[in-house]
Amino acid sequence: MKKALSVLLALMMVLSAAVPAFAAEESRTIVYCTITSSKGEFVLPNKTVVVSDIDNDGALTINDALYCAHEQYYEGGAAKGYNSYTGQYGLSLGKLWGEENSGSLGYYLNNQMAMGLADPVKDGDFLYAWAYQDAKNWSDSYSFFDKNNVKANSYDTVEVTYTYSSGFDENWQPVFVPCEGAEITVDGVATGVKTDKDGKASVVIPISGEHIISAKAPKAAEGENQVILTPPICKVTVQFNFIGLLNKIIDTIKDFFSGLLEKAAGLINPAPLP
């Protein structure tokens with residue numbers, strides 16, 4: 001009997017020790033976080049962030065995620081780069097990536113307007129925070145692609161749809177419309193590809209590894225004010241594909257000889273003089 005009781009007590013001690021470990025595991029989650037500066041540049045381009053309950057309030061929130069993002073990626077950590085405070089409107093952003101920016105700071109969760117820094121986050125969420133380029137009038141419009149993270153093979157065609165907030169409805173909810181005429185960039189390099197009237201554009205990325213697709217806001221028509229857009233982001237993880245490379249080489253050779261044949265045909269049968 002004593003032996004059985006000892007075994008039971010030992011088992012209870014093991015289980016009680018395991019409970020905090022499981023609780024600690026459950027109090028962490030992973031989100032994707034993007035931060036842009038007041039110059040409209042990516043300072044944290046869609047990085048994975050391990051989020052923990054930094055304020056011990058029993059919830060994982062946007063505030064926790066941004067704090068942890070700075071702890072993990074900002075030189076000097078959150079102590080130097082991030083600050084939140086409780087004001088008359090609740091928990092508010094005071095500093096983002098080292099910028100106070102006169103309080104002109106914003107954030108969206110999963111490409112939708114968040115209610116506040118206390119909003120909960122969960123595994124796989126996409127968090128975007130920015131310092132306004134227009135710190136006086138807050139005229140920056142949030143913009144985004146329909147995809148935040150994509151996996152592709154080299155030479156695959158990646159299609160994105162670009163949307164931005166054109167204003168607010170009667171309930172002060174953002175109204176999103178397609179962004180036409182924006183030039184697509186890959187790793188900051190202009191591609192010459194522009195979005196169509198539906199905001200769609202396609203790019204091919206031949207090099208394996210991680211790449212960032214973004215876009216430059218379209219130029220305003222004469223007499224109109226230039227719209228300021230937060231830069232959209234889509235991280236593409238490209239895996240090398242030998243078949244795709246072989247097909248590309250074959251297509252290039254076919255195009256080369258097709259061009260030669262067209263030139264030869266033009267020499268044999270020249271166009272009649274006017």
Check: Tell me, what ³J(HN,Hα) does each residue in the stretch 132-139 have, in order and in whole Hz, if you take phi through Karplus 6.51 cos²θ - 1.76 cosθ + 1.60 with θ = phi - 60° and put x for Gly and Pro?
Finding: 4, 6, 9, 6, 8, 9, 6, 8
Check: In the stretch 95-179, which GluC sites (Glu not before Pro) fall in coil by DSSP and have 13 or fewer other Cβ atoms within 10 Å?
Finding: GLU170
Margin query: Please report the net charge: other residues with Cβ closer than 11 Å to the Cβ of SER38, K and R +1, D and E -1.
Written below: -4
Next item on the list: Would you list, by chain and number, the aspartates and glutamates whose Cα falls below 20 Å from the Cα of LYS95, excluding same-chain residues fewer than 8 positions away?
Entry: GLU41, ASP53, ASP55, ASP64, GLU71, GLU75, ASP119, ASP134, ASP140
Next item on the list: Treat each spin label as a single point 7 Å out from the Cα along the C-beta direction, and report the ALA221 to SER92 distance in nm.
Entry: 3.8 nm
Checklist line | Taking THR191, THR157, THR34, THR163 and counting other C-beta atoms within 10 Å, the order from fewest to most | finding: THR157, THR191, THR163, THR34
Next item on the list: Please order LYS219, LYS136, LYS147 by the number of other Cβ within 10 Å, starting at the fewest.
Entry: LYS136, LYS219, LYS147
Checklist line | Spin-label model distance (nm) - TRP172 vs ALA190, 7 Å beyond Cα toward Cβ | finding: 3.9 nm
Margin query: Over 23 Å between Cα atoms: which of LYS80/LYS147; LYS151/LYS219; LYS47/LYS216; LYS197/LYS219 fall into that group?
Written below: LYS80/LYS147; LYS151/LYS219
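Bear in mind that the values in this text are calculations on the coordinates, not laboratory data. Just so we're clear, the structure is a prediction, and the values are computed from it rather than from any experiment. With ideal geometry, Cβ positions are generated from the backbone for all residues, glycine too; neighbour counts draw on all protein chains shown.
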